[in-house]
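The values are calculated or read from the model by the stated rules, or taken from the named source; none is laboratory data. Note that the coordinates shown come from a computational prediction; the quantities given were computed from them, not determined experimentally. Cβ coordinates were reconstructed from backbone atoms using ideal geometry, including for glycine residues, and neighbour counts include every protein chain displayed.
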Amino acid sequence: MSVQGSQTPPQPTLAVVLSACRGALIGIGAISFFTNLLMLTGPLFMLQIYDRVLTSRSVPTLVALLVLVAGLFAFMGVLELIRSRLLVRVGLRIDRILNGPVFDAILKGGRCTASRTSDTQTLRDLDQLRQFVSGPGPLAIFDMPWAPIYFAVIFMFHWWLGMVAVIGAAILLVLSLLNEFTSKRPLAEASAKTAKSFALAEAGRRNSEVLRAMGMADAYHDRWAVQRQGALGSHTQASDVAGTITAVTKVTRLFLQSLMLATGAYLALQQIVTPGIMIAASIILSRALAPIEQAVGNWRAFISARQGAKRIKAALETLPENDTRMALPEPKGKLSVSRLYAAPPGITEPVLKAINFKIEPGDALGVIGPSASGKSTLARALVGVWPALKGAVRLNRAALDQWDAKQLGRNIGYLPQDVELFDGTVEENIGRFDPDRDPEAIVAAAQKAGVHDLILHLSDGYQTQIGEGGAVLSAGQRQRVALARALYGDPVFVVLDEPNSNLDSDGECALTEAILILREEGCAVVVMAHRPSAIAAVNLLLVLRDGRQVGFGPKDEVLREHVQGAADATGRGNVRKIRRRSA
């Protein structure tokens, strides 16, 4: 017996990701120190030109200074290139570490909600975060801590000049804080409304046939347009605020530079400083304030990236820290459900209440009941996609959450009520996109589902590209291919949710034959039935009404004892039809 669990690493948090990039970030910080020191090259060169070269009229001094400055600028350019490339690599590493867990979180969100519309906002957030990290915004953040170097140099020139620099920096910092407080709310609203408009557009694309066929396209367009206009309005408000503060910041910085020149000119007139110091102080002040102005200009991107990081963090928190499970002995088709309470995730009121039953290998259980009685909820709970509120579903006496996810998945077949195939070949879909899929097992599953001949009549047989959602196939063909996918790999437990909803008479016969074959192989089968023909091959029956179990046992006994009672309200003809077609 294997006791080795699948070695799934803990899901990374943003703190873990930043820790993984710590070396690169430290390197960028060190390079920033030297690049900011080298930024003094221009002002000091200007100072030497005014105070040394012009007064001495020495051409050799000018040439020597020019060569020295050229070398320093070349070195600074190399450091800037390295720093920029390091930031790009940091963004790529963040993406590489997070894209897998983010995608897993999207899949978890899709299977843990009643909605079929998947939310890919977190992937867009990850793209936005990577683009921000690779852009100019972080450079301003790395440069800002070195501004005191410039202020210290200006103070060395004269304390009046230093005070102008410090006061100017304080004013710009206040403007940046004002930008934060005034643009945070409209940007958050714009982001939320944009996400909703994308969700509406995706839902409309998925259901475009319904919208066009029933004349709903214009009404749905108007609904989407309202959401889109709301998002654009919030974006406009945020952009206006940010643009106003950016303009004020730019004008303030230019005025401060002029004020520095005026202060230096006054001190030069008083012969307290030289004209070279006046010019150099103005240039150094411009460099000292540049990171602050750049940060204000990139504030929208910073806030958007920060909000995206929060959503990514929230998405990652939905994943287990460590999904490692010890591999258990390969299961048999022995299923037990004890005091099961279940509901769609996020809903505290149970849809299913106190469900109890057991089935053995070779049993096939039909689940019947009126609409909204909880059949699909039970199907999802049995395969573990909707966790139980209370009680347990056990396979081979082990609760579903005790199984390694991959091992459990190999042994479960599931045909949902809403069939969804994926863009790829028929072979890939039946083989569950397993890179090591077995062609013989694929053909065996198709034959067991009675769809092998149908596949051979497709344009390219098993290599037929079925398109997104299986668009190339009819509804009945999609359902039969999905049944073959459920049977791939000889699962020991199969759940079929209304498997004949799109089948013709030939398809229903193939379904009945497939259930009989599964029973002969010792597989446990659960069939959620709305049409009577779906339970023709079952030997057990479970009756649900208002989420409660009102009958369970051999099919004939349950039909006689429980379904007969429902005939008084729904008509005895339906009961006779169920009995006749399920015999």
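Taking A152 as the residue in question, decide whether it is modelled with pLDDT of 85 or more and either in the same structural domain as S197 (by TED's automatic domain parsing) or closer than 25 Å to S304 by Cβ (or both). Give the steps one after another, and end with the answer.
Working: modelled with pLDDT of 85 or more: yes; either in the same structural domain as S197 (by TED's automatic domain parsing) or closer than 25 Å to S304 by Cβ (or both): yes.
Yes.
Residues in region 539-551: is at least one farther than 24 Å from V351 by Cβ, more than 41 Å from the chain's Cα centre (by Cα) and either buried (at least 16 other Cβ atoms within 10 Å of the Cβ) or not hydroxyl-bearing (S, T, Y) (or both)? Yes, the conditions are met somewhere in region 539-551. If the condition is being at positive phi and in contact with a strand residue (DSSP E or B) (Cβ under 6 Å, 6 or more places away or on another chain), then region 476-530 contributes only E498. Mind checking which residues of region 261-272 are under 17 Å from I154 (Cβ atoms) and either assigned to a helix (DSSP H, G or I) or at pLDDT below 85 (or both)? Across region 261-272, the qualifying residues are L261, A262, T263, G264, A265, Y266, L267, A268. Within the set A231, A201, the sole residue that is within 25 Å of the chain's Cα centre (by Cα), farther than 29 Å from M144 by Cα and surrounded by 16 or more Cβ atoms within 10 Å (Cβ to Cβ) turns out to be A231. Filtering D127, D104 for residues that are surrounded by fewer than 16 Cβ atoms within 10 Å (Cβ to Cβ) and either modelled with pLDDT of 75 or more or part of a loop (DSSP other than H, G, I, E, B) (or both) leaves a single hit, D127. For region 244-255, the criterion of being within 27 Å of F132 (Cα to Cα) and among the small types (G, A, S) is met by at least one residue. The residue that is modelled with the lowest pLDDT, counting only those in region 240-260 that are surrounded by fewer than 17 Cβ atoms within 10 Å (Cβ to Cβ) and within 33 Å of the chain's Cα centre (by Cα), is G243. Output the number of the condition that G391 fails; it satisfies all remaining conditions of (1) surrounded by fewer than 23 Cβ atoms within 10 Å (Cβ to Cβ); (2) under 30 Å from the mean Cα position of the chain (by Cα). Of (1) surrounded by fewer than 23 Cβ atoms within 10 Å (Cβ to Cβ); (2) under 30 Å from the mean Cα position of the chain (by Cα), only one is false for G391: (2). Regarding V481, is this residue out of contact with any Cys (no Cβ under 9 Å at 6 or more places or on another chain), within 23 Å of V351 (Cα to Cα), part of a helix (DSSP H, G or I) and of a type in the set (A, V, I, L, M, F, W, C)? Judged against the criteria, V481 is not a match.
Kindly establish whether L289 is touching a Lys or Arg at 6+ places or on another chain (Cβ under 8 Å), part of a helix (DSSP H, G or I) and modelled with pLDDT of 85 or more. For L289, the condition - touching a Lys or Arg at 6+ places or on another chain (Cβ under 8 Å), part of a helix (DSSP H, G or I) and modelled with pLDDT of 85 or more - is met. Selection over region 300-359 of residues that are in a loop (DSSP other than H, G, I, E, B) and not hydrophobic (A, V, I, L, M, F, W, C) gives a count of 20.
Would you call F181 of a type in the set (F, W, Y), more than 25 Å from S239 (Cβ to Cβ) and either modelled with pLDDT under 85 or out of contact with any Cys (no Cβ under 6 Å at 6 or more places or on another chain) (or both)? When the stated conditions are applied, F181 does not pass them.
The conditions of being buried (at least 16 other Cβ atoms within 10 Å of the Cβ), assigned by TED's automatic domain parsing to the domain that holds I279 and over 30 Å from S258 (Cβ atoms) are not met by L161.
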